[in-house]
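**Student:** This is the structure I have questions about; it appears just below.
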Amino acid sequence: MEGNVFEQLGLNWKLFLSQAVNFFILLIVLRFFVYKPLLAIIKKRNERIQEGLQKAETADLRLKEVDEIAKNHLKKADQESIEIIKNTQQKAKELAESLQNKAEAYHKELLDQAKLEYQKQQEQAQQLVFLQALELVKKTIVKTVQLDPKHIDDAMVKKAITYIKDEI
Amino acid sequence: MIYDDYDMEEISLKAQEIFYIGGMGITNSLFLTLLVSLVLMTTAVISYKRVKLSPGFFQSGVEMGFEWLLDLMSGMLGGVKKAEQYFPLVATIFIFIMISNLSGILPGVGSFVIENGGNEVSLLRAPAADLNFTVAFALISVIFTNIIGMMAVGALPHISKFINFSNPIKFFIGILELVSEFAKILSLSFRLFGNVFAGEVLLTIVAFLAPYVIPLPFMGLEIFVGMIQAFVFAMLTLVSIALHTALHGEEH
């Protein structure tokens, strides 16, 4: 082999420098056009994903809170409805009692009125019967004794009537 | 001119010059490196305007790769912020070496030949099959990691890792550290060069012995090796960054 080792291996400072310069240019170009924008995009996307996860977590918490509130509201509404039903039942009971009392009072009043009316009618009937009896007695006496009614002794008639009345 | 006869292509340890610009010989390896750079830069510039918050297929794939590398770096460096800071260097090393290695297996690389000074030379050669490329990357890796170390822990504490007169043991360890930094340049560059160059040689020989079907498994192997070597190079740079940016006492 001829020449020194560097020459035999093809080492040449100009070529070596060219390779180094080429690498630096490539490094700068890739850094500006590839690494910087892509790493920024990856970072931004990761931030968004993190943000999205955080939001989802917050939404989950909020949903649980809302669920809890809804449950409480339902429970409260249940209690209120039970209370309302109870009150209504109580009021209905009271109303029914009051109506019953009123009806009973009215019934009593009607009964009293009916009694009074009955008594009145009975008295009227008695009066009528009495008058009819009087007439009947008069006629009976007239027919019996064949006397002129104008001459009938009033005292006798009255006595007869009283007798009949008592008999009745 | 396309290399179409059945003579085996001459295997050259060094990259061959294919043309000259201002007295400087442009080797086939440098030419492919420039092409790869151009493709990467064009793709970067075109995709720059198409970056969206809701990504498409291509962007999703790139982002997935980036996030994987970023996670790996965060685990090794101990924080996302630190990982993001050193991401461009490690990612560029990984992407560039990987694409360069894969470009070496593309059809046409090695088979297109031109005449230069009476000799037939390949128009394109895998970038990492040239020591200039691998040494340049190794030096960039070692120099950058040391600069990063100085910026992270301070110049004097960083230099004191290599030159320390406080006691003989630390002085000796410092010397070892210094030697290991130089060894790192050699190991990084020769590992990459050796793997890719050996792959090229293997493919050339297999293609010469059995041109059809048989080279396919070897090409698959070379794709794998190319990716693994890029990953190894990037990871070694990352480990070096992690060691140099760790404060004294954190290292072990």
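The values are calculated or read from the model by the stated rules, or taken from the named source; none is laboratory data. In this text, all values refer to a predicted model and were calculated from it rather than measured experimentally. Counting neighbours? That spans all protein chains shown, and the Cβs are built from the backbone with ideal geometry, glycine included.
**Student:** B:ILE26 is checked against (1) within 28 Å of A:VAL34 (Cα to Cα); (2) outside any loop (DSSP other than H, G, I, E, B); (3) not acidic (Asp, Glu) and fails just one. What number does that condition carry?
**Tutor:** So the condition that B:ILE26 fails would be (1).
**Student:** For the stretch B:96-113, state whether one or more residues are touching a helix residue (DSSP H, G or I) at 6+ places or on another chain (Cβ under 7 Å) and farther than 21 Å from B:GLY220 by Cα.
**Tutor:** no
**Student:** If the Cβ limit is 7 Å and pairs must be 6+ apart or interchain, which residue in the stretch B:126-152 that is more than 7 Å from every other protein chain (Cβ to nearest Cβ) pairs with which residue that is not in a helix (DSSP H, G or I)?
**Tutor:** Taking only residues 6 or more apart or on different chains, the pairs are B:ALA126/B:GLY104; B:ALA126/B:VAL109; B:ALA129/B:GLY104.
**Student:** If you don't mind, there's one more thing I want to ask. Restricting attention to the stretch B:12-46, which residues are without any contact (Cβ under 8 Å) to a residue 40 or more places away in the chain and within 7 Å of chain A (Cβ to nearest Cβ)?
**Tutor:** If the condition is that a residue be without any contact (Cβ under 8 Å) to a residue 40 or more places away in the chain and within 7 Å of chain A (Cβ to nearest Cβ), then B:MET24, B:LEU34, B:MET41, B:ALA44, B:VAL45 are the ones that fit.
**Student:** Can I ask one more? Pairs only if they're at least six apart or on different chains, beta carbon under 7 angstrom, first in the stretch B:214-235 and within 11 Å of B:ARG191 (Cβ to Cβ) and buried (at least 16 other Cβ atoms within 10 Å of the Cβ), second β-branched (Val, Ile, Thr) and modelled with pLDDT of 95 or more; list them, first residue then second.
**Tutor:** Taking only residues 6 or more apart or on different chains, not a single pair turns up.
**Student:** Suppose we filter the stretch B:102-149 for residues that are in contact with a Pro (Cβ under 9 Å, 6 or more places away or on another chain) and within 15 Å of B:PHE190 (Cβ to Cβ); how many remain?
**Tutor:** Here the count works out to 2.
**Student:** Still on this structure, please answer the following. Which of the residues spanning the stretch B:47-63 are closer than 18 Å to A:ARG31 by Cα, facing chain A (nearest Cβ under 9 Å) and either part of a helix (DSSP H, G or I) or not β-branched (Val, Ile, Thr) (or both)?
**Tutor:** B:SER47, B:TYR48, B:LYS52, B:GLN59, B:VAL62, B:GLU63
**Student:** A further question follows. Could you please give the count of residues in the stretch B:155-205 that are exposed (fewer than 14 other Cβ atoms within 10 Å of the Cβ) and within 30 Å of B:LEU216 (Cα to Cα)?
**Tutor:** Here the count works out to 3.
**Student:** Shifting gears a bit: Assess whether B:ASN164 counts as being farther than 28 Å from A:ASN12 by Cβ and away from chain A (no Cβ under 14 Å).
**Tutor:** yes
**Student:** Specify the residue that is farthest from the other protein chains (Cβ to nearest Cβ); the eligible residues are those in the stretch A:1-43 that are of a type in the set (A, V, I, L, M, F, W, C) and outside any helix (DSSP H, G or I). Break it down into steps so the answer makes sense when it comes.
**Tutor:** First, the residues of the stretch A:1-43 that are of a type in the set (A, V, I, L, M, F, W, C): A:1, A:5-6, A:9, A:11, A:13, A:15-17, A:20-21, A:23-30, A:32-34, A:38-42.
Those still in the list that are outside any helix (DSSP H, G or I) too: A:1, A:9, A:11.
Values: A:MET1: 10, A:LEU9: 5, A:LEU11: 6 Å.
It comes out as A:MET1.
**Student:** Here's a follow-up. Identify, by number, the condition in (1) under 11 Å from the mean Cα position of the chain (by Cα); (2) away from chain A (no Cβ under 11 Å) that B:ILE99 doesn't meet.
**Tutor:** (2) is the only condition that B:ILE99 fails.
**Student:** Scan the helices (runs of 4 or more DSSP H) fully inside the stretch B:135-252 and keep the ones with 2 or more residues being at pLDDT 90 or above.
**Tutor:** Values: elements: B:155-159, B:168-209, B:215-245.
Per the criteria, B:168-209, B:215-245.
**Student:** Name the pairs: first residue in the stretch A:35-58 and under 18 Å from B:SER47 (Cβ atoms), second residue part of a helix (DSSP H, G or I) and of a type in the set (Gly, Ala, Ser), Cβ to Cβ under 8 Å, at least 6 apart or on different chains?
**Tutor:** Listed by first residue and then by second, the contacts come to A:TYR35/B:ALA91.
**Student:** Shifting gears a bit: Determine the pairs where a residue that is under 16 Å from B:ALA138 (Cβ atoms), located within the stretch B:94-114, has a partner that is in a loop (DSSP other than H, G, I, E, B) with Cβ atoms under 8 Å apart, the partner being 6 or more residues away or on another chain.
**Tutor:** B:SER100/B:ALA126; B:ASN101/B:ALA126
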